[in-house]
Structures are given as structure tokens and as C-alpha cells.
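The numbers here are math on the coordinates, done by the rules we state, and not lab data. Owing to the predicted nature of the structure, the values given are computational and were not obtained by experimental measurement. Every residue, glycine as well, gets a Cβ built from its backbone with ideal geometry; the counts of neighbours run over all protein chains shown.
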């Protein structure tokens, strides 16, 4: 039993150390400003899911597969936007590459000023906007499939 | 950090314990403490296995990110969790399998009902839109929805009560376990169309649970019938 536990610990340590940070063919994230994000939300004719994340945020890694699945299912009807806050470009690109999340647009907010302008702090954070930029709901912390699907359904029903 | 999921888990544990306590009062041959430990162990093993499978399916390497295991909110694979929990419970009750599983099943079903009812703590009861009188809406929304998790909780609670009664009146070994498994699958299968989801879920797994549970119950009835026939004394000469 003790041998199995030791082997598992060593395996976990080796695997943890070897988890690489390949950026793949993910392009550098464009830096944005509070005004630009606000304009993007206001001008959007589709409902918007805005996910605030960072590569150093462990819970963000856990919800990344759900966001990818949501984008695959609803990407034609809903605009997905990622906002990477207080991060560095290489780590952010490696994160997007690891989770194959570069299917939708992500912006870079190294100072956290854009997130501050949205009035909410902390990561992860997911905001749901109706077309025209009205905030319908926001979800603090890791989002689960049910909450994500329910809120997407809410914003889709706000489409005129 | 959100702890609402813990409250839901607590309501499930309360349902389980209440069921065991009630059953223990009616049937003193049951060892409530042993059944409680079996149920909690099976639940923890199932939760861990379901989380690992959900991580792998989502592209997260559990060996590279072991800390992500505790982020249960990010997803647990229901089918893997259920299978692991059933195998664990089966192994832990191997000395007297059906006697213990039959004692445990009604309380376990009540525990699952408690877990679903725990949606009230998580603000996560709502499903697809509905205009029925008891439908309600999210804060800030005018769209009323089915309280789908409460439907599941109600169905399971009624089923647990029926299983309690059946266990006391007709204790054919394996019958209550089989029907309990079928009931758990049925509750999910019946409510799944009312749940919002990102894609079509593993609905056929719920159908498989119903089929396996029904087969187990039928086999138990058949065995009980056979043993009754065998134990009938021969007619007097």
C-alpha cells in the first residue's frame, strides 16, 4: 500500500513539473480599454457571454472546457468574449492553446482596469449581456453547466 | 469562494441519515452506522471518479493538475460517478450484499432527493421555460421556468417512501435494490428534457440504469418464487 502511495505521489510530482506552456499558433491577445469593451457590448446585435479569466487562476482552468462546449453549441447565436486580466501574454496564450479556447475573441487587460470598469472584481467571473449591452446576469466563481446553459437561454430569449 | 454546493451536499447527507434512522427504527436488524459508512464511502469514491472522468473529458490532465479535483462545481460525470459508487457499495457489502443494499437503498434514494432539493440553497432549481402556476423566474427575469430539480426531489422522495414500505412488507433479497436503481434512473430520465444543458447529455445511461434495475428486481422475484416452491413440503402420502 505504501509503495502505491509513494509511486502515485512521485507520478503526480513528475506530471505536475512537466506540464508545459506551449503557445502553439495562438496569436498575441489584443490589449483593450474600458471604452472599447463598452462600445463592443453596446454595438453587439447578438447576446454576449463575457468571461473574465487568467492563466494563473486554477478555477478558470476547470471551467474552460465548459466554455469551449458552450461556444461549440451556441457560437452562432451568442458572441463569446474572453477578458484575460492581470496576466502575461505567454501564459495567456499557452492557456488558450491548452484548452483549445481560441475559437472566440479574447482581450488582454494586464492592469485589470477594464474589469474594474465593468464594476466587478475577482476571477473567474462570467457576465451575460442582452443585445445592446444590458447586463442580464453575472456569475461569480466557477460556473457549472446548468448555470451556463440557463443564462445563455435567458439572453437568447432577450433577442428582439 | 462559493460554498453553496456544500449546503446541497449537506441536505443530501441529512436525507440519507434521516432515511437510515427511520429505517433503523422500523427494522432493528439493520446496523445504521455500518450502512451510513458504506453510503458515505461510496458517495465520496463516486464523486472523485466522476470528477476525474469529467476532467479527462474536458481535456484537463488530472495528474498534471491534481488540485482541480476539488473543483466539483466545474463538473462531475454522472455516469462514471454512479458506476463507481455502485461498485464501491457492492464491494463494501460483499459479505451480505442484498440484505445490506436493500436496507441502504431507500435511504440512499432519499439522500439523492435531498441533494436535488438542495438546489434551493444554490439557487439552481430552474429548468426550461414554463407558464404553469408553480413556475418561477430568476431574479431580474420575467421568464418563468420549471423548478425541475424539485420535481426530481419529489419523485425520488415518494419513491423512497414506497421502497421503505416494500422493504418492510416484502423483503425479497435484491428487489428493493433493483427498484431503487431503476427509480434513480427514471427520475433523471423523466426530468432531463426540462433541464437546460449545453448539449445532449448521457440520457441512455439513465435508460440503462432503469433496465439493469428492473432486471435485478425481476431476478430477485424469480429467485424468491423458486425458493418458495422448493421449500414447500411434499404432500403427505
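To the nearest 500 deg cm²/dmol, what mean residue ellipticity at 222 nm is calculated for chain B from DSSP H runs of n ≥ 4 alone, each contributing -39,500 (n - 2.57), summed and divided by the residues? Don't skip to the end; give the middle numbers.
Details: 8 runs with 157 residues, N = 237.
After summing the helix terms and dividing by the residues of chain B, the value is -22500 deg cm²/dmol.
Based on the Kirkwood radius over alpha-carbon pairs, what is the Stokes-Einstein translational diffusion coefficient of the protein assembly as shown at 25 °C with 0.890 mPa s viscosity, in µm²/s?
The Stokes-Einstein estimate is 105 µm²/s.
Regarding segment A:37-93, what whole-number volume in Å³ per residue does the convex hull of its Cα atoms give?
86 Å³
Which of the peptides B:166-174, B:14-22 is most tightly packed, and how do the rest follow, judged by the mean count of other Cβ atoms within 10 Å per residue?
B:14-22, B:166-174
Roughly what angle does helix A:89-98 make with the longest principal axis of chain A, taking Cα atoms, 0 to 90 degrees, to the nearest 10?
Value to nearest ten degrees: 80.
In degrees from 0 to 90, rounded to the nearest 10, what is the angle of the helix A:145-156 Cα long axis to the longest principal axis of chain A?
The two axes meet at around 20 degrees.
Working from Cα positions, state the angle (0 to 90°, nearest 10) between the long axis of helix A:34-43 and the longest principal axis of chain A.
With rounding to tens, the tilt is 60 degrees.
Given Cα pairs under 8 Å that are at least 6 residues apart, what percent is the relative contact order of chain B?
20 percent
Taking the Cα atoms of segment B:4-226, report the difference between the largest and smallest coordinate on each principal axis, in whole Å and largest first.
Extents along the principal axes: 57, 49, 30 Å.
Report the Cα centroid-to-centroid distance between segment B:1-41 and segment A:55-104 in angstrom, as an integer.
What the calculation gives is 39 Å, centre to centre.
Given 10 Å bins starting at zero, what is the percent of C-alpha pairs of segment A:24-156 in each, up to the one with the largest pair distance?
Cα pair-distance distribution for segment A:24-156, in percent: 13, 49, 36, 2.
Can you work out the FRET efficiency for the pair residue B:227 and residue B:64, with r the C-beta to C-beta distance and R0 = 51 Å, to the nearest 0.05? Let's see the in-between values first.
On the way: r = 54 Å, r/R0 = 1.05.
Using R0 = 51 Å, I get an efficiency of 0.45.
Treat each spin label as a single point 7 Å out from the Cα along the C-beta direction, and report the residue B:137 to residue A:27 distance in nm.
4.1 nm
Debye calculation, C-alpha points only, no solvent: report log10 I(q)/I(0) for segment B:37-114 at q = 0.12, 0.22 Å⁻¹, in the same order as the q values.
Each listed q maps to, in turn, -0.38, -0.94.
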